[in-house]
Amino acid sequence: IYSFTKVDELRKVVNRLSSWRAPSHYLEEKNCEDDKIGCYAFISQGGFCIRANTIAAYCEANRQIAARNDLRPEVNIPSKSQVGHDSMVGQGSSVGDKVSIKKSIIGQHCVIKDRVKITNSVVMDHVTIHEGCIIHGSVVCGNAHINEGVEIKDCVVGYSQSLAEKSKYQSLLLVLGPGNLSNL
C-alpha cells in the first residue's frame, strides 16, 4: 500500500537525525527504519523556526511572528481602535471602530465589526466577528462566523462554524454544529 513512497537521501538524513526512538516492543515487531510514512522536521539553514505541537505552542508561535516587524502587512486601523504592538492584522482585513486587539494574530481578509475585544487569540483567515464580541485565549479557525455579542474564552472554534448571537462559551472545542461541544 505504501509503494508510492520512496526512501531518498533526505529521508535517510531525517532518520539519522531524528530524536524519536520506538518503544522496545515496537522494535521487536518491526524495523522502524523501514517506515516510509511519518511526521518529520525540516532542517533550516536560517530564519524563523518553532515547534508548534500543542495549541499553546501554536499560539506562542503566532505571538513570536507578530513580534517580527518585517512580517507586518499594511492595514488601515481606525483612530478609535487599538492594535497592540504585540499583535498583527492580516492583509485585506477590516477593523471597525472601538476595537481592541492585544497579543493576538488576525488572519487575512477578516471582518471585525465595532466594539470587539480580542486578547491572547489567533483568528485565522476569512473570519467575520460581529459587534460587541469578546474573544480571549482562543483559536478561531478559518471562515468562522461569530455573531453579535458572543463571548468566548479559552476555546477552539472549528472551521466554518457559526456561533449564535449573545452566546457564551468557555473551555470548549466548538466543531460540527450545535450540540457537538467538547471540553478542552
Among the residues of the stretch 143-163, is any part of a loop (DSSP other than H, G, I, E, B) and basic (Lys, Arg)?
no
Quick check: is even one residue across the stretch 51-58 of a type in the set (Ser, Thr, Tyr), within 13 Å of the chain's Cα centre (by Cα) and surrounded by 11 or more Cβ atoms within 10 Å (Cβ to Cβ)?
yes
Restricting attention to the stretch 112-136, report how many residues are closer than 16 Å to Val83 by Cα and under 17 Å from the mean Cα position of the chain (by Cα).
9
Among the numbered criteria (1) surrounded by 11 or more Cβ atoms within 10 Å (Cβ to Cβ); (2) in a helix (DSSP H, G or I); (3) modelled with pLDDT under 75; (4) of a type in the set (D, E, K, R), which one does Arg16 miss?
(1)
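A quick yes/no check of all residues on (1) under 18 Å from Ser171 (Cα atoms); (2) open to solvent by 10 Å² or more (accessible area, probe 1.4 Å); (3) out of contact with any helix residue (DSSP H, G or I) (no Cβ under 9 Å at 6 or more places or on another chain):
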{"residue": "Asn62", "(1), (2), (3)": "no, yes, yes"}
{"residue": "Ser79", "(1), (2), (3)": "no, yes, yes"}
{"residue": "Val83", "(1), (2), (3)": "no, yes, yes"}
{"residue": "Val99", "(1), (2), (3)": "no, no, yes"}
{"residue": "Ile112", "(1), (2), (3)": "no, no, yes"}
{"residue": "Ile118", "(1), (2), (3)": "yes, no, yes"}
{"residue": "Met124", "(1), (2), (3)": "no, yes, yes"}
{"residue": "His145", "(1), (2), (3)": "no, yes, yes"}
{"residue": "Asp154", "(1), (2), (3)": "yes, yes, yes"}
Residues in the stretch 64-74 that are loosely packed, with under 14 Cβ neighbours inside 10 Å, touching an Asp or Glu at 6+ places or on another chain (Cβ under 7 Å) and either at pLDDT 80 or above or under 15 Å from Gly90 (Cβ atoms) (or both): how many?
0
Six or more apart or on different chains, Cβ under 7 Å: which pairs go from a residue in the stretch 92-105 that's farther than 26 Å from Ala57 by Cα to one that's hydrophobic (A, V, I, L, M, F, W, C) and at pLDDT below 95? Could you list them?
Val95/Ile77; Val95/Val89
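The values are calculated or read from the model by the stated rules, or taken from the named source; none is laboratory data. These figures come from a predicted structure and were not determined experimentally. Note that each Cβ is placed from the backbone with ideal geometry, even for glycine, and that neighbours are counted across all protein chains shown. Note: areas computed on protein heavy atoms with side chains; ligands, DNA, RNA excluded. Shrake-Rupley method; radii C 1.70, N 1.55, O 1.52, S 1.80 Å.
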